[in-house]
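This report concerns only the one structure given below.
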Amino acid sequence: MEEKNKGFSHLDASGNPQMVDVGAKKNSLRVARARAIVVLEEEVIAQFKDKDIQTKKGPVFQTAIIAGTMGAKRTSDLIPLCHPLGLDNCKIEIVINQDNEIVIDCTASLTAKTGVEMEALTGASVAALTVYDMCKAFSHKIVIKEIKLMEKTGGKSDFKR
């Protein structure tokens, strides 16, 4: 069974889930940036031009930034085998790109024994879900097109998309 689970750090030799033991690792600066893209209909996206849009629930982008930050901070409460981490920083940036898509970047960082990829991905995801929630009164044709890790540094290896 050991060979079957090789490479899956969250499975033990019997195939059971386990939290990765990071006790022997050294602390290092870990930074990760994840991206979510939200697609809205033209009529809805037009309301965002050059500013945030105010809905009955409040300003969409400002609310999504707060929600994404809260999501990143609560990642270990949502993803069962994630280590609870005290983030040093979490930054959410939201822009409308040339294709009229809402691009949400979440960058999380800390000095620790484990990385912050899941925190960055969760932050971007929760921010995207918040945009969906706040805009669904205008349309239910909203699509969260993709959520992906863009880059990470620190630990055994770096990654950049």
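Each reported figure results from applying straightforward, stated rules to the coordinates on display, with no laboratory input. Note that the structure is a prediction, hence the values are computed from the model and not measured. Quick reminder, even Gly has a Cβ in these numbers, built from the backbone with ideal geometry, and neighbours come from all protein chains shown.
With a cut-off of 13 Å between beta carbons, the residues surrounding D88 carry a summed charge of +2, where Lys and Arg count +1 and Asp and Glu -1.
Helix-only mean residue ellipticity at 222 nm, the chain, DSSP H runs n ≥ 4 weighted -39,500 (n - 2.57), per residue, nearest 500. What is it?
My calculation for the chain gives -7500 deg cm²/dmol from helical runs alone.
For the Cα atoms of the chain, what angle does the longest principal axis make with the long axis of helix 117-135, in degrees from 0 to 90, nearest 10? Helix 117-135 and the main axis of the chain meet at about 20 degrees. Which one of A72, V39, L129 has its Cα pushed farthest toward the positive end of the charge dipole of segment 28-154, where Lys and Arg give +1 and Asp and Glu give -1 at the Cβ? Value: A72.
Pairs spanning more than 19 Å between alpha-carbon atoms, out of K91/K152; K51/K148; K25/K148: K51/K148; K25/K148. Projecting the Cα atoms of P17, T63, I104 onto the charge dipole of the chain (Cβ charges, centred on the Cα centre) puts P17 farthest toward the positive pole.
Quick one: Kirkwood hydrodynamic radius for the chain, alpha-carbon pairs, angstrom, one decimal?
On the way: mean 1/r = 0.0591 Å⁻¹.
That comes to 16.9 Å for the chain.
Each peptide among 58-71, 141-154 gets the average number of other Cβ atoms lying within 10 Å of its residues, and from highest to lowest they stand as 58-71, 141-154. Residues considered: D21, D99, D133. Largest GNM mean-square fluctuation over the chain, using C-alpha springs under 10 Å, is found at D99.
So what is the relative contact order for the chain, in percent, with contacts set as C-alpha pairs under 8 Å and at least six apart? Intermediate results must be reported in sequence, preceding the final value.
Details: 327 pairs, mean separation 55.6, N = 161.
Worked out over the chain, it gives 35 percent.
Multiplying the residue separation of R74 and E43 by 0.36 nm and subtracting their alpha-carbon distance yields 7.8 nm.
Under 13 Å from the Cβ of F138, count the other residues' Cβ atoms, weight Lys and Arg +1, Asp and Glu -1, and hand me the total. Don't skip to the end; give the middle numbers.
Numbers: positive: K56, K57, K136, K141; negative: E41, E42, E43, D133.
Here the charged neighbours net out to 0.
What angle do you read, to the nearest 10 degrees and between 0 and 90, between the alpha-carbon axis of helix 60-73 and the longest principal axis of the chain? Result, in degrees: 10.
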